[in-house]
Amino acid sequence: MGKAAETPSEQFRYVKKRIQMLNQVVEVMDPEQVDQEDFERILDMIEQLQMKMERFKKDWESGS
């Protein structure tokens, strides 16, 4: 997704964009057609975002 987000504002923009992407994926899904693979894909996206946010949190705590 481009260059590394280094400043808090860049990191926040990154998180915001990822949440928007996740919302777009969920919005186009038909509740009558979703399957376990769909749930796993969404869960993977959420877990990846959570890992990135934990990394950003550590950056903020260390003053980077």
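Structure values in brief
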quantity: Fewest-first sequence of D30, D38 by Cβ atoms within 10 Å of each Cβ; calculated: D30, D38
quantity: The chain: angle of helix 8-27 to the longest principal axis, Cα-based, in degrees nearest 10; calculated: 0 degrees
quantity: Lysine-lysine proximity count for the chain, Cα under 17 Å, sequence distance 8 or more or distinct chains; calculated: 6
quantity: Calculated [θ] (222 nm, deg cm²/dmol) that DSSP helices of n ≥ 4 give over the chain, each run adding -39,500 (n - 2.57); calculated: -26000 deg cm²/dmol
quantity: Additional length obtainable on full extension of the chain from V34 to I46, 0.36 nm per residue less Cα span; calculated: 2.6 nm
quantity: GNM flexibility winner over the chain from V26, V34, V15 (Cα, springs under 10 Å); calculated: V34
quantity: Inter-probe distance in nm under a simple model that places probes 7 Å from Cα toward Cβ, at K58 and R13; calculated: 2.4 nm
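Taken together, the values in this text are just the output of simple stated rules run on the coordinates, not laboratory data. Just so it is clear, the model here is predicted, and its values are computed rather than measured. Note that each Cβ is placed from the backbone with ideal geometry, even for glycine, and that neighbours are counted across all protein chains shown.
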